[in-house]
Amino acid sequence: MMIVDPLGTFGFTAANGAYAAGLKMAKAARKPSGRATAGKSARRSPAARSADGGGKGKKLVVVESPAKAKTINRYLGEKYVVKASMGHVRDLPSKNPKGVKDPVPGVDIEHDFAPTYEPLAGRKKLLAELRKYARSACEVFLATDLDREGEAIAWHLAEALGVKSDKIRRVIFNEITASAIREAFAHPREIDMHKVNAQQARRILDRIVGYQISPLLWRKVAGGLSAGRVQSVAVRLIVDREREIDAFDPEEYWKIGAVFTPDITSADDLAGKWRQFLDQRDSDGKGPTQARQQEFLSTCGAFRAELVKFGGKRFQPVGPDESIAVAEAIGMEIENVEQTENPDAKGAAKNIVTVHGKVRPDGPSYVVSELKQRDSRSRPPAPFTTATLQQTASVRLRFSTSRTMRLAQQLYEGVNVPGEGSVGLITYMRTDSRNISKDAVTQVRKLLGEKFGPRYVPDKPNYYASGERAQEAHEAVRPTDVSRTPDDLHGVLEGNQWKLYDLIWRRFVACQMSAAVWDVTEANIVADAGGTEAVFKAMGRTLKFDGFLRVAGLPRSGEQILPDLREGKPVAPVEI
């Protein structure tokens, strides 16, 4: 394979090769000890195989992790032996055998990208133990995860255990609960070779890209760097975005804002307090946040507004001279104008003009000319997918992606709950679907009615569309039993486990609640600026009905709450 441009065409070349591999591997039958036997799964139906019985030993169940094995063992009973594979058991070799000089170890590029697998070094003893159990078992259930990676692990196990294909059963479940386990084992299926080949194509593409690009990075950039199907595309996205930023041409714009108060007599005193408040600095040298500023203004009965019209037209000046002239006309006393240049910027952003001033005592008078009130509804957000769970945990809990997924895996596989044993607390956490099972919806709606009352339960369940490529058979991330509240698990879960469970529980419960309702008020503030009308607009809202916010919590950003305003009544500018 010739590398033309690592940031351009290479990714597509490699992808085409991997796609061809995925289509052709199923035809490339190999012995288990050598080339992969892709496509050679059992051909008889699970129902027919189950009817045969076969063998007098216990039934072997293979899962990925010991924690999951412990939880599942509770539900299956003494007729089953549950063992953990500890993840993958086979992989492509890291280097060629002695005397072989293939460019990509384990991948025969010249023959339909056929892979060669070998047992992982740390899994040989484990595989020997699993083979021993598999030979004496009447049935072997492969209960690995339900994603592509889990399907591939199941196939590798089937290939490595050395038992007849009619003993192999594949079971999947979205949650580790008694009902879900019983349902899964009552309806086993074949190994899905489409998923297996999709995973093999990803793995082979990683190997092709990594083994041919990484040495180039070592020579040209730095030793120890690695390339793969993910890193290569990520670099391309970063480069494309950087080029967009470089090509962006900033445009000049101006905004004039004001702070008003309906208490005319206290405007001057409030202006002094406002300036003192803005001059405060924290330990990092930063001034008050927007939320703190809004809290200060609300406490003082003041509010912000923005100039939207001047002289009957939308306020959209073309330069500093016009902006300063308008500011003076509406009552701003210019104290000084600073002009600086940013050498790293371009276009209009190179020249920065900062205008300092205060309210002029003899400025125009302002009056509330119009008040509009309306209701605004906020719909609850969708239940978590993998991506939204990671994003929200990062913002709310300051968790890294790896920490979030590690904790979620622990909650999914099972946590020891006093009086219950090992219990799976959430559904499978690797999902791009927003689907929710009917049973889960019924359960949460019942809980809402009992806990908060009928007003918080919408007439119909809330449904959320998934992305176009989402696997609709999966569910969103949710608690396995919504009646098990975060309060019930205080002292049971470790601190970070509890925080993540609380986040997932609240998001799921909130997604099936009624919308929040706000009272929105819009106010137009008008002044006669030397014969020219100036119009400011202020907007604020107050919570009328909390709805889903009762569980999800109020937004953290400070909402502007307008004081008691009346049409035709004057207001005074505190700051312009």
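The values are calculated or read from the model by the stated rules, or taken from the named source; none is laboratory data. The shown structure was predicted, so the numbers you read here are calculated from the model rather than taken from an experiment. With ideal geometry, Cβ positions are generated from the backbone for all residues, glycine too; neighbour counts draw on all protein chains shown. Ligands, DNA and RNA are excluded from the accessible area calculation, which covers all protein heavy atoms including side chains. Shrake-Rupley method; radii C 1.70, N 1.55, O 1.52, S 1.80 Å.
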*Rank these residues by their accessible area, most exposed first, probe 1.4 Å: CYS300, CYS138.*
CYS300, CYS138
*Which log10 I(q)/I(0) values, to two decimals, does the chain give at q = 0.08, 0.11 Å⁻¹ under the Debye formula with one point per Cα?*
-0.80, -1.11
*Charge-dipole axis of the chain as Lys and Arg at +1 and Asp and Glu at -1 on Cβ define it, positive-most pick from THR71, GLY99, VAL444*: GLY99
*asked:* Sequence gap at least 6, Cα distance under 8 Å: using those rules, report the relative contact order of region 67-146 to the nearest whole percent.
replied: 23 percent
*Can you work out ³J(HN,Hα) from phi for every residue in region 540-555, in order, using Karplus 6.51 cos²θ - 1.76 cosθ + 1.60 and θ = phi - 60°, giving whole Hz and x for Gly and Pro?*
x, 8, 10, 6, 9, 9, 6, x, 5, 5, 5, 9, 6, x, 5, x
*Given N residues in region 71-141, what is Rg(Cα) / (2.2 N^0.38 Å)?*
1.55
_For a protection proxy built on the mean count of beta-carbon atoms within 10 angstrom, sort 235-245, 406-416, 148-158 highest first, please._
148-158, 406-416, 235-245
*Show that you can apply the helix-only estimate: for the chain, add -39,500 (n - 2.57) for every DSSP H stretch of four or more residues, divide by all residues, and state [θ] at 222 nm to the nearest 500.*
-11500 deg cm²/dmol
_Area projected by the alpha carbon convex hull of region 286-351, averaged over all directions, nm²_ = 7.2 nm²
*For the chain, give the share of DSSP beta bridges that are antiparallel, in percent and rounded to the nearest 5; count only bridges with both residues there.*
85 percent
*Return the carbon/sulfur percentage of the accessible area of region 143-218, one whole number, probe 1.4 Å, all protein chains in place.*
56 percent
*Using Cα atoms only, what is the angle between the long axis of helix 10-24 and the major principal axis of the chain, expressed in degrees (0 to 90) to the nearest 10?*
40 degrees
_Check: the chain dipole with +1 on Lys, Arg Cβ and -1 on Asp, Glu Cβ, in debye_ = 4500 debye
*asked:* For the pair GLU306/THR265, report the inter-label distance in nm, with labels modelled 7 Å from Cα in the Cβ direction.
replied: 3.5 nm
*Say the dipole of the chain comes from +1 at the beta carbon of Lys and Arg and -1 at that of Asp and Glu; which of SER165, TRP254, LEU297 then lies farthest toward its positive end?*
SER165
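Net charge near CYS300: determine it from the other residues with C-beta under 14 Å of the C-beta of CYS300, scoring Lys and Arg +1 and Asp and Glu -1.
-2
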*asked:* Suppose every Lys and Arg Cβ carries +1 and every Asp and Glu Cβ carries -1, with no other charges. What dipole size does region 172-239 come out with about its Cα centre, to the nearest 20 debye?
replied: 460 debye
*asked:* Between 0 and 90 degrees, rounded to the nearest ten: what's the tilt of helix 193-220 against the longest Cα principal axis of the chain?
replied: 70 degrees
*Place +1 on the Cβ of every Lys and Arg and -1 on the Cβ of every Asp and Glu in region 416-487, take the dipole about the Cα centre, and give the residue among TYR456, PRO486, VAL417 whose Cα lies farthest towards its positive end.*
TYR456
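Where only protein heavy atoms count, and the probe is 1.4 Å, what is the accessible area per residue for region 72-181 in Å²?
Roughly 46 Å² per residue, with all protein chains present.
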*Mean Cα-pair separation over length for region 356-469, i.e. relative contact order, pairs under 8 Å, 6 or more apart, %*: 20 percent
*Whole-Hz couplings from phi, Karplus 6.51/-1.76/1.60, listed for region 280-294; x for Gly and Pro*: 5, 9, 8, 5, 8, x, 9, x, x, 5, 4, 5, 5, 4, 5
*Note down the relative contact order for region 190-265 as a percent, whole number, built from C-alpha pairs under 8 angstrom at least six residues apart.*
21 percent
*What net charge is computed for the residues neighbouring ALA234, neighbours being all others with C-beta under 12 Å from the C-beta of ALA234, Lys and Arg scored +1, Asp and Glu -1?*
+2
*In whole Hz, with x marking every Gly and Pro, tabulate ³J(HN,Hα) for region 392-409 from phi via Karplus 6.51 cos²θ - 1.76 cosθ + 1.60, θ = phi - 60°.*
5, 5, 5, 6, 7, 10, 6, 8, 6, 4, 5, 5, 4, 6, 5, 5, 4, 4
*Helix 320-329 vs. the chain, principal-axis angle (Cα, 0 to 90°, nearest 10)*: 50 degrees
*Is region 316-404 rounded, prolate or oblate when judged by the Cα gyration tensor, a ≥ b ≥ c being the square roots of its eigenvalues, rounded requiring a/c under 1.5 and prolate requiring a/b larger than b/c?*
oblate
_Sum of side-chain charges, HIS356 neighbourhood, beta-carbon under 12 Å (Lys, Arg +1; Asp, Glu -1)_ = -2
*Does region 162-273 come out rounded, prolate or oblate, given a ≥ b ≥ c as the square roots of the eigenvalues of its C-alpha gyration tensor, rounded meaning a/c under 1.5 and, failing that, prolate meaning a/b above b/c?*
oblate
_Need one value: the accessible area of THR116 in square angstrom, 1.4 angstrom probe, rounded to the nearest 10._
40 Å²
*Pull out a ≥ b ≥ c, the square roots of the eigenvalues of the alpha-carbon gyration tensor of region 446-576, then state rounded if a/c is under 1.5, prolate if not and a/b is larger than b/c, and oblate in the remaining case.*
prolate
